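Presented below is the structure to which this report refers.
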Amino acid sequence: KAPTKMEGKEGEWQIKIVSEPEGDFGEWADLVLETTELALGQAGSEADVMAIFRNNKNIFDRIQKEPGASAYYDTILKRFGEARAKYKEQA
């Protein structure tokens, strides 16, 4: 069962995920992935990318702990890696 509401640490780059009570974990994880991609698209530096990860680590850890959800977690890590690489190339 998916959490109906989960938030990262309060402050800049905090992600808040609210899903339907009857939603399944896959739908919830899709919301996390979409929201993460939106946040990464707004990042302006490698520091922003790292802040997004740190401030919302509890959400990503929840996905990592869910049996059968490793593909979601791997995709999230891949997106963060791509975002970091983009800023390293610009440096």
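The values are calculated or read from the model by the stated rules, or taken from the named source; none is laboratory data. From a predicted model like this one, the values you see are computed outputs, not experimental measurements. Because the Cβ atoms are built from the backbone with ideal geometry, glycine has one as well, and the counts that use them run over all protein chains shown. Side chains included, ligands, DNA and RNA excluded: accessible areas come from the protein's heavy atoms. Shrake-Rupley method; radii C 1.70, N 1.55, O 1.52, S 1.80 Å.
Out of everything in region 49-91 that is farther than 14 Å from Thr36 by Cα and outside any helix (DSSP H, G or I), what residue ends up being least open to solvent (accessible area, probe 1.4 Å)?
Here the answer is Ala69.
Counting only residues that are open to solvent by less than 30 Å² (accessible area, probe 1.4 Å) and part of a helix (DSSP H, G or I), which one in region 36-48 is farthest from Lys9 (Cα to Cα)?
Looking at the filtered set, the residue picked out is Leu40.
Looking at Ala47, Ala43, can you tell me which residue is without any contact (Cβ under 8 Å) to a residue 24 or more places away in the chain, more than 18 Å from Met6 (Cβ to Cβ) and more than 11 Å from the chain's Cα centre (by Cα)?
Ala47
Scan region 1-23 for residues that are at pLDDT 90 or above, under 18 Å from Glu66 (Cα atoms) and open to solvent by 80 Å² or more (accessible area, probe 1.4 Å) and report the count.
2
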